[in-house]
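Visitor: Please read through the structure below; I'll follow up with questions.
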Amino acid sequence: MGSGHLERREVVTAFLRHDGRVLLVRRSGRVGTYQGRWSGISGYLEDAAPLDQALREVEEETGIPAAVPRLVSAAPPLKVEDAALGRCWVVHPFLFEVDDPGAVRLDWENLELCWVLPREIGEYPTVPALAEALAACLEREAVGG
């Protein structure tokens, strides 16, 4: 089934990094999709520019004010098809640096958190293409963008 038959939904995923480790959060049973899976900070792209939406999600889901995370890189949107859900996610990935990992205070959308090395993401049951989204951000960082 091609993406023409799937409902297109745009989302943002924000990766927070501190001391070389990235924040993973485990989604609660109260969110609409991928309950119990690990992800970055994410949300539907609403009425804002993708970067603004990513910062809004960071503030809502971690309690870290939008002015605090420093943008490291933004990767091009990544299409992720999930035929089981009938969706084609268009993921806008961002990588931010934060100074105080202890400042994270999860809201109802996530149950727990951990800080992992990027190469360890594959050891977790994640939302689709999470490792690819992070890799795209890290690649952009490496080339200065």
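Visitor: ASP99 passes all but one of (1) surrounded by fewer than 15 Cβ atoms within 10 Å (Cβ to Cβ); (2) of a type outside the set (A, V, I, L, M); (3) touching a residue at least 60 places away in the same chain (Cβ under 8 Å); (4) more than 23 Å from ALA75 (Cα to Cα); which number fails?
Guide: (4)
Visitor: For segment 65-90, which residues satisfy the criterion of being surrounded by 22 or more Cβ atoms within 10 Å (Cβ to Cβ) and either closer than 22 Å to HIS18 by Cβ or in contact with a Gly (Cβ under 6 Å, 6 or more places away or on another chain) (or both)? Before you say what the answer is, go through the steps one by one.
Guide: Within segment 65-90, the subset surrounded by 22 or more Cβ atoms within 10 Å (Cβ to Cβ) is 69, 75, 89.
Passing the criteria: PRO69, ALA75.
Visitor: Are there any pairs, at least 6 apart or on different chains, whose C-beta atoms fall under 6 Å, with the first in segment 15-34 and farther than 17 Å from PRO93 by Cβ and the second part of a loop (DSSP other than H, G, I, E, B) and among the β-branched types (Val, Ile, Thr), and if so, which?
Guide: Within 6 Å, the pairs are HIS18/VAL98.
Visitor: Scan ALA66, ALA84 and give me the residue that is over 20 Å from THR33 (Cα atoms), modelled with pLDDT under 95 and assigned to a loop (DSSP other than H, G, I, E, B). Steps first, answer last, please.
Guide: Details: ALA84 fails: over 20 Å from THR33 (Cα atoms).
That would be ALA66, the only listed residue that is over 20 Å from THR33 (Cα atoms), modelled with pLDDT under 95 and assigned to a loop (DSSP other than H, G, I, E, B).
Visitor: If you take the residues of segment 1-57 that are small (Gly, Ala, Ser) and in a strand (DSSP E or B), which of them is surrounded by the fewest Cβ atoms within 10 Å (Cβ to Cβ)? Walk me through how you get there before you give the answer.
Guide: At the first step, the residues of segment 1-57 found to be small (Gly, Ala, Ser) are 2-4, 14, 20, 28-29, 32, 36, 39-40, 42-43, 48-49, 54.
Add one more test, that the residue is in a strand (DSSP E or B), and what stays is 14, 39, 42-43.
Working: ALA14: 27, SER39: 23, SER42: 28, GLY43: 18.
The selected residue is GLY43.
Visitor: Within segment 104-132, restricting attention to residues that are part of a helix (DSSP H, G or I) and touching a Gly at 6+ places or on another chain (Cβ under 7 Å), which residue is surrounded by the fewest Cβ atoms within 10 Å (Cβ to Cβ)?
Guide: Initial filter on segment 104-132 (part of a helix (DSSP H, G or I)): 118-123, 130-132.
Filter again for touching a Gly at 6+ places or on another chain (Cβ under 7 Å), leaving 130-131.
Values: LEU130: 26, ALA131: 15.
My answer is ALA131.
Visitor: Then there is this: Could you grab the pairs with beta carbons closer than 6 Å, sequence gap of 6+ or different chains, first residue in segment 39-57 and hydrophobic (A, V, I, L, M, F, W, C), second one surrounded by fewer than 16 Cβ atoms within 10 Å (Cβ to Cβ)?
Guide: So the pair list comes out as LEU45/GLU10; LEU55/ALA66.
Visitor: Please go through segment 55-64 and pick out each residue that is in contact with a Gly (Cβ under 8 Å, 6 or more places away or on another chain) and among the acidic types (Asp, Glu).
Guide: Filtering segment 55-64 down to residues in contact with a Gly (Cβ under 8 Å, 6 or more places away or on another chain) leaves 56-57, 60-61.
Residues satisfying the conditions are GLU57, GLU60, GLU61.
Visitor: OK, next. Just to be sure, is ARG140 at pLDDT below 95, basic (Lys, Arg) and surrounded by fewer than 19 Cβ atoms within 10 Å (Cβ to Cβ)?
Guide: Details: at pLDDT below 95: yes; basic (Lys, Arg): yes; surrounded by fewer than 19 Cβ atoms within 10 Å (Cβ to Cβ): yes.
Considered against the rule, which asks whether it is at pLDDT below 95, basic (Lys, Arg) and surrounded by fewer than 19 Cβ atoms within 10 Å (Cβ to Cβ), ARG140 comes out as yes.
Visitor: Can you tell me which residues in segment 94-134 are among the small types (Gly, Ala, Ser) and touching a strand residue (DSSP E or B) at 6+ places or on another chain (Cβ under 9 Å)? Write out each step before concluding.
Guide: The initial filter retains those residues of segment 94-134 that are among the small types (Gly, Ala, Ser), namely 102-103, 122, 129, 131, 133.
Listed by number, the residues that qualify are ALA129, ALA133.
The values are calculated or read from the model by the stated rules, or taken from the named source; none is laboratory data. It should be emphasised that the depicted structure is a prediction, and the values quoted were computed from it without experimental measurement. Neighbour counts are summed over all protein chains in view; Cβ atoms, including those assigned to glycine, are modelled from backbone coordinates with ideal geometry.
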